[in-house]
Ligand code: PLP
């Protein structure tokens, strides 16, 4: 008789892991046939599953059956080739194999000594990536700088905000608390910057009130003269400009702030300059897109982007570089006895827990390294070029159509457009397109208008899917697609 409860040993793992990998491969092969957005009502997923955890082990087959029956219908399929919403979170085979190895190895790389390869591969992979992007040498680990992988751009922003706060207060924030430091610190960013700037300001104790949202021009770029005015005004009032955050590729419309001018204004007040290139940064691997992305980086104290958006590394993976790693380490390092090691004390190694908020850390570098090795830079470039080209084709169709309005020149692979008949018509167009189930677009406010956003970047997306997005928009603009919001 078969053992009803076989141990989960290496042999069982070998068999069942194969079944799971097969399941994932089947999912990729069929994801296109599913509606991009989940169609379930709120609470449906929970209602389909038992209220309490099982006492006895259940077989993998039962779990996979529930995955098919309940979980998959409750998903919005981010890897669907018709997913054009937000920014992509694209994944790839090599990256997922790296993720699997990370879980299988189960190492915890908080210190160099807790797993030297975890630390050294991360430093190497980020040096490779810095080189591919054409970022300045000062961000290299061989100079005073270096890179670190964070879970997300928001975490990177928080670390940078704390480092900038400590630099501006000669580290009194850490010692006596921000309120006691008797200094009002200010942060400057554009009105179109990502909400993570505000979140970091609140968590770092600087306060939302002191985040100066600098106005943007007609193209969504921070107005550098308005920034200079704001800096001057605060300094004259005795406040301390602590951090300036420039965005290269804003979330709403992909606008590029004028980083060189912003850097000059920030330098006058010795404020930290961080460049948030979360989405657009990946395109710097293509020499023809690089110049505006890395412009001004030589004057930045930190620069970050998400390989998990547009570089085929599955979520999560944020790459953050510092010009002076000491700034970050001085702000974040806490070293009780149990975290001290001979290697760490020698200063000859990196202890990456000193570069982030949590102590523990996953071996994320494996998936980045495997993606770079197994896909290769040229193939990564080709995909980005394709996405930019297809977006240009889509934007040209929009621009030529009197029912629609292209709100801004497309930025790389992001196109923002609207119905010429106004916001209500744009909302209705989006509802019709998204209800089709073949395409998912998201929205934003661009130049005061409700905008439909098409962000191309999916791993499985081909030109025909972008063409299908245009056909859906065309049909929706004519009322040939049924209206009403998607059910989710
Ligand atoms: N910065 C920009 C410009 C973004 O567009 C986003 C997200 O889309 C973020 C930061 C936050 O990214 P994350 O989800 O990695 O925190």
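Quick test for you: out of 298, 343, 291, pick the one residue that is in contact with a helix residue (DSSP H, G or I) (Cβ under 6 Å, 6 or more places away or on another chain), part of a helix (DSSP H, G or I) and over 22 Å from residue 100 (Cβ atoms).
343
Output the residues belonging to the range 125-157 that are over 24 Å from residue 366 (Cβ atoms) and either assigned to a helix (DSSP H, G or I) or at pLDDT 95 or above (or both).
134, 136, 137, 138, 157
Residue 211 - would you say it is buried (at least 17 other Cβ atoms within 10 Å of the Cβ), touching a residue at least 24 places away in the same chain (Cβ under 8 Å) and more than 14 Å from the ligand (Cβ to nearest atom)? Even if it seems obvious, please write down each step before you answer.
Numbers: buried (at least 17 other Cβ atoms within 10 Å of the Cβ): yes; touching a residue at least 24 places away in the same chain (Cβ under 8 Å): yes; more than 14 Å from the ligand (Cβ to nearest atom): yes.
So residue 211 fits the description; yes.
Filter the range 266-295 down to residues that are farther than 16 Å from residue 197 by Cα and either within 16 Å of the ligand (Cβ to nearest atom) or surrounded by fewer than 24 Cβ atoms within 10 Å (Cβ to Cβ) (or both), then give me how many there are. Before the answer, list the steps.
First pass over the range 266-295, keeping only residues farther than 16 Å from residue 197 by Cα: 266-270, 280-295.
Checking the rest, the ones that are also either within 16 Å of the ligand (Cβ to nearest atom) or surrounded by fewer than 24 Cβ atoms within 10 Å (Cβ to Cβ) (or both) come to 267-270, 280-295.
Qualifying residue count for the region: 20.
Quick check on the range 58-69. Is at least one of its residues surrounded by 12 or more Cβ atoms within 10 Å (Cβ to Cβ), assigned to a loop (DSSP other than H, G, I, E, B) and in contact with a helix residue (DSSP H, G or I) (Cβ under 6 Å, 6 or more places away or on another chain)?
No, the range 58-69 contains no residue that is surrounded by 12 or more Cβ atoms within 10 Å (Cβ to Cβ), assigned to a loop (DSSP other than H, G, I, E, B) and in contact with a helix residue (DSSP H, G or I) (Cβ under 6 Å, 6 or more places away or on another chain).
Identify all residues within the range 235-265 that are on the phi > 0 side of the Ramachandran plot and either touching a strand residue (DSSP E or B) at 6+ places or on another chain (Cβ under 9 Å) or within 16 Å of the ligand (Cβ to nearest atom) (or both); write none if there are none.
Residues satisfying the conditions are 249, 254.
Give me the pairs: first residue in the range 177-197 and farther than 17 Å from residue 271 by Cα and without any contact (Cβ under 8 Å) to a residue 24 or more places away in the chain, second residue in a helix (DSSP H, G or I) and more than 16 Å from the ligand (Cβ to nearest atom), beta-carbon distance under 7 Å, and six or more apart or on different chains, which are they?
Hits for this filter: 181/172; 181/173.
Residue 127 versus (1) away from the ligand (no atom under 16 Å from the Cβ); (2) in contact with a strand residue (DSSP E or B) (Cβ under 9 Å, 6 or more places away or on another chain); (3) in contact (Cβ under 8 Å) with a residue 60 or more places away in the chain: which is the lone unmet condition?
Exception for residue 127: condition (3).
A quick yes/no check of all residues on (1) within 16 Å of the ligand (Cβ to nearest atom); (2) closer than 23 Å to residue 295 by Cβ; (3) buried (at least 18 other Cβ atoms within 10 Å of the Cβ):
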| site | (1), (2), (3) |
| --- | --- |
| 146 | no, yes, yes |
| 165 | no, no, yes |
| 195 | yes, no, no |
| 204 | yes, no, yes |
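The values are calculated or read from the model by the stated rules, or taken from the named source; none is laboratory data. Quantities reported herein were computed from a predicted structural model and do not represent experimental measurements. Quick reminder, even Gly has a Cβ in these numbers, built from the backbone with ideal geometry, and neighbours come from all protein chains shown.
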